Amino acid sequence: MFNWRKNLGIIAGLSLSLIAAGCGTEESNDSGNGQTEDTSNVSEEMGYQITGIEPGAGQTQTNEKAIAEYESLAGWEQETSSAAAMLTALGDAIENEEPIIVAAWSPHYMFAKYDIKYLEDPELIFGEEEHITTIVRQGLKEDMPSAYTILDRLHWELPVFQEALLEAQEMDFDFEKVAQEWVDENPEKVTEWTEGVEPVDGTSIDLVLTSWDAETFSTNVAKIVLEQQGFDVMLTPVDPSIMFSAIASGDSDATLSPWMPATHGALYEEYDGQFEDLGPNLEGARIGLAVPSYMDIDSIEDLEPAE
């Protein structure tokens, strides 16, 4: 016969034991320094490792500086390989809902493709937010007023821009095709940029750019919009130092590629006064360390040093 009184007592005893065990666990999780055992475990689960990009990249050096400066990253290491390898690792980790911390930068399609977040950087090792600005050679306003007006008006919002970069990734980075589709799908924005502009008949204009994805997309959009107004546009990919030199000397007409105030700040200062800055074409650019949003950490200081 089922002894309900006896079994009820057993169940109650088990319930009390589980409650007591839970309370004990909560107390033991407090490490005494504001961190929890779960935070420590997630650092250990990641092997105290940042998934980085190319060894020679500027951000790789900044990551190493962060490891040296933050007590929470003491004993950590950075795995370097390539941006493609980092993105593969990020995708695999998210698919399996595993912890990972990666080198990240905006604008980039990873923020449109995945639900990820930057970790706060209280020491500002990675600097503050940047903007991508448009600079033109001196005299462009007088020589090509229509081009000057269009270049001055070009501006993107970061989420829209990153969605376009995701589209580029899905189309094997055919930026000419992606830019054309974007222009075709955003006639109101193109009208905003070109309203009242006088068309020209085959005037040549040279745009220099860095070979980064974001700048390749934005410059191809500018090319198409200028060509619709009758310009003959040449795109010239160059290194950042040559980019500034070309605009300052007047060998090229404009660029939409400089990151300010940090990334290209030294070059900007070197040639300051020899070009005209039309202001940001995109705001909210930044670099840093990022994690999937399901990870319950918000700052680099939430991590734990390797033992």
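Each value in this text was obtained by applying a stated rule to the coordinates, not by laboratory testing. A quick note: this is a predicted structure, and the numbers were derived from the prediction, not measured. Neighbour counts run over all protein chains shown; Cβ positions are idealised from the backbone, glycine included.
Each residue of the range 98-105 is assigned a 3J(HN,Hα), and the resulting list reads 9, x, 7, 10, 10, 5, 9, 8 Hz, derived from the Karplus form 6.51 cos²θ - 1.76 cosθ + 1.60 (θ = phi - 60°), x at Gly and Pro. For the chain, averaging the sequence separation of C-alpha pairs within contact (under 8 Å, six or more residues apart) and dividing by the residue count gives a relative contact order of 30 percent. Placing unit charges on the Cβ atoms of the charged side chains and taking the dipole of the chain about its Cα centre, the candidate lying farthest along the positive direction among Ala93, Thr80, Ala246 is Ala93. Of the residues Thr236, Thr216, Thr51, the one that moves most in a GNM of the chain with alpha-carbon contacts below 10 Å is Thr236. Each of the peptides 178-184, 68-74 was scored by the mean count of other Cβ atoms within 10 Å over its residues; in descending order, highest first, they stand as 178-184, 68-74. Annotation: the antiparallel percentage among DSSP beta bridges lying fully within the chain is about 60.
Build a GNM of the chain with springs between Cα atoms under 10 Å apart, and of Gly139, Gly196, Gly284 the one that fluctuates most is Gly196. Each Cα pair under 8 Å and six or more residues apart adds its sequence gap; the mean of these over the residue count of the range 131-284 is a relative contact order of 43 percent. A Förster radius of 30 Å combined with the Cβ-Cβ distance from Gln61 to Ile242 puts the calculated FRET efficiency at roughly 0.90. About its Cα centre, the range 214-272 has a charge dipole of approximately 200 debye under the convention of +1 per Lys or Arg Cβ and -1 per Asp or Glu Cβ, with nothing else charged. Comparing Pro258, Pro55, Pro159, which has the greatest mean-square fluctuation in the GNM of the chain with Cα pairs linked when under 10 Å apart? Among Pro258, Pro55, Pro159, the largest GNM mean-square fluctuation belongs to Pro55. Here Glu79 and Ala266 are evaluated by their C-beta separation; at R0 = 41 Å the FRET efficiency comes out at 0.90.
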